[in-house]
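Comments concern the structure below.
The values are calculated or read from the model by the stated rules, or taken from the named source; none is laboratory data. Since the structure is predicted, the reported quantities are computational estimates derived from the model, not experimental observations. Using ideal geometry, Cβ is built from the backbone for each residue, glycine included, and neighbour counts are taken over all protein chains shown. Quick note on the areas: whole protein, heavy atoms, side chains included, nothing else; ligands and nucleic acids left out. Shrake-Rupley method; radii C 1.70, N 1.55, O 1.52, S 1.80 Å.
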Number of protein chains: 2
Amino acid sequence: MSEALPHPFDAAVALTPAADGRLLGRTHPDYANMVGPFGGVTAAALLQAVLQHPDRLGDPLSLTVNYAGPVADGEFEITARPARTNRTNQHWILELVQDGTVATTATAVFGTRRETWSDTETAMPQVPAPEDVPASDFPEFIRWAHNYEMRFVEGPIPQDDDDKTPDSTSTLWMREARPRPLDHLGLTSLCDAFYPRVFLRQARYMAAGTVSLTIYFHADAAELQSHPDGYVLGSARAHRFTRGYFDQTAHLWSRTGTLLATTHQWVYFKD
Amino acid sequence: MSEALPHPFDAAVALTPAADGRLLGRTHPDYANMVGPFGGVTAAALLQAVLQHPDRLGDPLSLTVNYAGPVADGEFEITARPARTNRTNQHWILELVQDGTVATTATAVFGTRRETWSDTETAMPQVPAPEDVPASDFPEFIRWAHNYEMRFVEGPIPQDDDDKTPDSTSTLWMREARPRPLDHLGLTSLCDAFYPRVFLRQARYMAAGTVSLTIYFHADAAELQSHPDGYVLGSARAHRFTRGYFDQTAHLWSRTGTLLATTHQWVYFKD
């Protein structure tokens with residue numbers, strides 16, 4: 001056997017067509033989180049369901065994933081329904097189901113793009129090169145994070161003796177620990193790779209989880225393919241924490257300063 | 001007849017139960033946009049479908065609305081399905097249909113809240129009081145905007161002799177022209193009340209429309225009821241414009257500096 005094994009991320013988002021247009025997937029042990037799989041890989045599996053659908057039109061424009069309940073280790077099925085197809089875009093409704101129970105819902109907008117006036121208004125922060133920033137270690141129990149190299153420029157994961165901070169911003173270089181060309185699936189996963197902002201503000205771990213995740217894909221497939229190396233700079237912050245929830249906004253840039261995606265979350269926490 | 005007529009906004013988002021759990025609504029001429037109704041009132045009608053559903057749990061936490069196609073003037077029907085109900089939250093899938101064709105899809109998360117550590121990290125910009133900022137006039141053909149008083153602190157609607165600007169930020173005081181207590185429906189509508197950011201950058205009108213809108217509701221119903229007056233400060237900006245699309249992020253504060261909602265959009269434009 002001389003063939004290389006697939007990248008574990010590709011294995012984690014692989015879907016097999018089944019009856020009635022359903023797609024079957026399976027959680028991958030490398031992408032386990034504290035409860036169920038890492039949300040970024042679940043979001044990528046939902047995007048995958050559209051990407052490999054025979055009726056798909058164009059590239060991903062936006063994706064919203066609602067984490068309705070835990071995904072158990074093992075098989076899941078995804079239904080992907082084009083609610084409406086227009087000339088240049090297409091609207092999808094998706095559900096991820098286990099044993100007849102909905103675990104995740106999603107909507108996605110796909111479409112074609114054409115040349116227009118363009119401008120990036122939000123410049124990449126001025127930060128050291130990834131080679132000049134040390135890589136972080138993650139606890140063994142956060143299994144999925146070991147698939148990524150993360151180099152924090154600011155706002156690293158709090159340590160036992162850290163003080164509370166007034167600013168929830170984390171900025172870090174990220175890339176696949178095992179190289180994989182950047183595509184919309186990998187970018188989707190990176191959009192959910194920021195640890196919960198409340199950990200940074202409170203300088204400790206607590207129960208927290210994404211409730212709803214939205215991604216706007218500024219980069220099309222060609223722009224991602226021309227991505228110069230695996231490194232993506234991500235910067236995430238919250239705006240308000242109140243009564244068990246907070247929001248998060250993040251931007252992801254290529255090393256050359258292309259804004260690849262803006263992404264937003266609504267997050268549950270229990271202090 | 002001594003009874004007051006309902007506020008036109010309440011008339012615009014009124015839904016009547018029909019067979020099979022469907023809800024019937026009707027576009028309101030006061031909320032007409034250039035094509036079909038103002039997207040904010042469509043989003044509010046979708047939220048209304050959950051708010052008045054007999055199985056509804058808690059208050060709105062997040063809402064995503066995908067504008068799949070134009071809504072024609074006249075009747076529409078909304079289906080609202082609870083995909084999953086947990087102990088403290090509930091996940092909804094919604095569709096707005098006209099003549100058997102899906103015009104809008106949405107997902108919503110509702111839930112209960114409890115006391116936790118709280119903090120607002122994003123302070124309201126320092127701006128003059130609304131009484132010290134002149135109200136803007138809107139062209140007659142943007143019918144819906146006449147329901148709102150808008151007082152621009154920065155980034156007003158471009159006029160014929162305006163120059164292009166390097167910054168897409170608009171900050172303005174907004175309130176219902178005819179008083180109405182602030183609630184989640186009214187707040188939803190205000191989240192879509194910013195004119196397209198590309199107009200400001202390019203100093204002219206062009207074809208543009210919201211494709212997907214997400215709202216995170218920081219304020220619960222009680223906090224909205226205690227809102228001191230009708231004025232909401234909104235500040236919106238884009239991050240990247242490229243190949244026919246741009247994103248928009250906006251924050252909405254009460255006059256006393258409470259961050260009521262953060263909201264994001266993916267917007268189509270044609271230059």
Equivalent ellipsoid dimensions for segment A:89-165 as semi-axes, Å, which come from the Cα gyration tensor, largest first: 34, 27, 12
Determine Rg/Rh for chain A; Rg is computed over alpha-carbon atoms and Rh is the Kirkwood hydrodynamic estimate from the same atoms. 0.95
State to the nearest 20 debye the size of the charge dipole of segment A:118-225 about its Cα centre, where the only charges are +1 on K and R beta carbons and -1 on D and E beta carbons. 380
Using just the alpha carbons, could you tell me how many Å³ per residue the convex hull of segment B:202-271 encloses? 106
Largest to smallest accessible area among A:Ser189, A:Ser235 [probe 1.4 Å]: A:Ser235, A:Ser189
Hey, got a sec? Which trypsin sites (Lys or Arg not before Pro) in segment B:109-200 land in a DSSP loop and have at most 11 other Cβ atoms within 10 Å? B:Arg114, B:Lys164
Put the label 7 Å from Cα along Cα→Cβ for A:Ala72; what are its distances to the other copies, in nanometres, shortest first? 4.7
Explain nothing, just the number: dipole magnitude of chain B about its Cα centre with +1 on each Lys and Arg Cβ and -1 on each Asp and Glu Cβ, in debye rounded to the nearest 20. 760
Trypsin sites (Lys or Arg not before Pro), restricted to segment A:1-77: which are DSSP loop and have at most 11 other Cβ atoms within 10 Å? none
Size of charge dipole - segment A:193-251 - debye, nearest 20, with Cβ of Lys, Arg +1 and Asp, Glu -1, no other charges: 600
Less than 30 Å apart at the alpha-carbon level, and either on another chain or at least 8 residues along: which lysines does that give for A:Lys164? A:Lys270
As I understand it, the dipole of segment B:56-119 uses +1 on the Cβ of Lys and Arg and -1 on the Cβ of Asp and Glu, about the Cα centre. Which of B:Ala108, B:Ala72, B:Leu96 lies farthest toward its positive end? B:Ala108
Rounded to whole Å, give me the distance from the Cα center of segment A:90-147 to that of segment B:153-232. 27
Quick tally, 1.4 Å probe accessible area for B:Arg204, A:Arg255, sorted with the most first, runs B:Arg204, A:Arg255
Given q = 0.13 Å⁻¹, what are the Debye log10 I(q)/I(0) values for segment B:150-271, with equal point scatterers placed on the Cα positions and solvent ignored? -0.51
Rounded to the nearest 10 Å², the 1.4 Å probe accessible area of A:His239 is 10
Summarise the partner chain shielding of A:192-203 as one whole number: the mean count of Cβ atoms from other chains within 10 Å of each residue's Cβ. 1
Using only alpha carbon pairs under 8 Å that are at least six residues apart, calculate the relative contact order of chain A and give it in whole percent. 17
Normalised contact order of segment B:55-172, rounded percent, pairs of Cα under 8 Å and 6 or more residues apart: 21
Residue-count net charge about B:Arg201 - beta-carbon cut-off 14 Å; Lys, Arg +1, Asp, Glu -1: -3
What are the nm distances, shortest first, from B:Glu140 to its equivalents in the other copies, labels at 7 Å along Cα→Cβ? 7.6
Output for the protein assembly as shown (equivalent-ellipsoid semi-axes, sqrt of 5λ from the C-alpha gyration tensor, Å, descending) is 35, 27, 24
Counting only the backbone N, which residues of segment A:94-138 are under 12 Å from the spot 7 Å out from the Cα of A:Asp55 toward its beta-carbon? none
Measure off 7 Å from each Cα along the Cα-to-Cβ vector at A:Thr116 and B:Thr165, then give the distance between these two points in nanometres to one decimal. 1.9
For A:Thr85, label point 7 Å along C-beta direction: distances to other copies, nm: 3.6
Volume of the Cα convex hull of segment A:36-173, divided per residue and given in Å³: 185
What FRET efficiency comes out for A:Asp271 versus A:Val133 if R0 is 30 angstrom and r is the Cβ-Cβ distance? Round to the nearest 0.05. 0.50
